[in-house]
Amino acid sequence: MNEVAPVAFTAASYKSDYKPIWCPGCGDFTVLSAITKAFAILQLQPHQVGVVSGIGCSSRIPAYTSCYGFHGVHGRALAAGTGLKVARPDLTVLVAGGDGDGFSIGGNHFMHACRRNVDMTYIVMDNHVYGMTKGQASPTTEPDWDNKLSPGGTGIRAFHPLVIALASGANFVARAFSGDPNGTAEIIAQGIRHPGFSFIEVLSPCVTFRPEQREWKSVVHPPPVEPTDDPARAARRIMTDDGFNIGVLYAGSRNPYPHYRSGKPKYTVEDLETEFEL
Amino acid sequence: MSVTEKAATVPATLAEFMALALAMENEAVERYSEFADTMETHNNREVAAMFRKMAGYEAKHAAQIMFEMNWTEAPAVPPGAMSWPGYEAPETVPSGDVHYLMQPWHALQLALAAEERAEQFFAQIASIATTESVRRAALELQAEEAEHVALVKEWLTKVPQPDRNWADDPDPPRYSD
């Protein structure tokens, strides 16, 4: 008997043979799981997906998938991802990284990627700390986070990635929580389906340098209202929430970067090769 | 109702219910295997071996379901099609609940909680099942999970309890405090 219809790809279809070396308990394990589940929800062909990252613990993700991957330089994942999507609009491009990589070193790319609205999905595993370099304050670190590297806290207002994304023109803005891999997978799948630039902040605890983040599981909650396509309402909602609303907060209707609006690239690879021929 | 307090959805047929049970076992296998891999990476070999053993037990339970249902191939259920009372399947240990210095006692505590959640889950399904075959199967699986709870409790009596300072590391992977 088999009343349940078979599917071609399962989450395991998108995992490589490399074992993650993250710290036990790290939220990035379940973000990886959520990404592969999202690909399975969408039944994407692994060779039709490009996973691009920058530098940091979470940026190891491309190696752990069986899709095409590009582990780029610090802060430049979105630039590489944009290039890939513009050159190969037929691919699903997913860019992944951490809060330091995406909002500090890559902060400028972040704003302009939102503004360009190229049809790709950007996942930031936000743990409010530079984990790979052993615990420095990152752009999203709370101003009063006291540690020996920033005694008494940095005193600097934390960067608000969702507000910046919305103000800069991202077409889909959501927050997810790594402890909820199935819910995160659904949000990632929605982000991939949504045309244009989708930004998803995933709260992903760093259990080594921010062990108190283990408690995030008890403070996250669904947003009290449905997603909106009105940026003004979304802005008010995002600016007044407590940072732990999980779900889609904005789903807009801006047209993606028009270069390939028709679904076809303007130039073929052969055209480009001819251009560059010596 | 919070994110983690969703009601279980009642499977309409025995096949759907057993596919749910199989998915639950397979998710547990996957998570325990992931824990074993990561503990090996961090040179916590004793706990790695324990998680590997647990993955093996869950794989046997999955195989038993396959046998009982006369399935030669697992029904591949699309992700998202399953509805669990919490964030993940009840028998899956939350990914964030492990520590690189944890000891076998901790691993068994996590397994105990997972088995207890599984037992409660099947009890809940049995109490709300709308078909007799699903109710009977849920009760059988609940009884099996109750046996596993007892086995883990017995196992726990054979491993030493960690001292209060078990997480102290004289050479921690951090220099910020």
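In the set A:T133, A:T184, which member is within 14 Å of another protein chain (Cβ to nearest Cβ), closer than 30 Å to B:R31 by Cα and at pLDDT below 95?
Of A:T133, A:T184, the one residue that is within 14 Å of another protein chain (Cβ to nearest Cβ), closer than 30 Å to B:R31 by Cα and at pLDDT below 95 is A:T133.
Given (1) surrounded by fewer than 14 Cβ atoms within 10 Å (Cβ to Cβ); (2) of a type in the set (K, R); (3) in a helix (DSSP H, G or I), where does B:R164 come up short, assuming only one miss?
It fails just one condition, (3).
Being away from chain A (no Cβ under 11 Å), at pLDDT 90 or above, surrounded by 23 or more Cβ atoms within 10 Å (Cβ to Cβ) and in a loop (DSSP other than H, G, I, E, B) narrows it down to one of B:E91, B:E58, so name that one.
B:E91
The values are calculated or read from the model by the stated rules, or taken from the named source; none is laboratory data. Computed from a predicted structure; not experimentally measured. All Cβ positions, glycine included, derive from the backbone under ideal geometry; neighbour counts span all protein chains shown.
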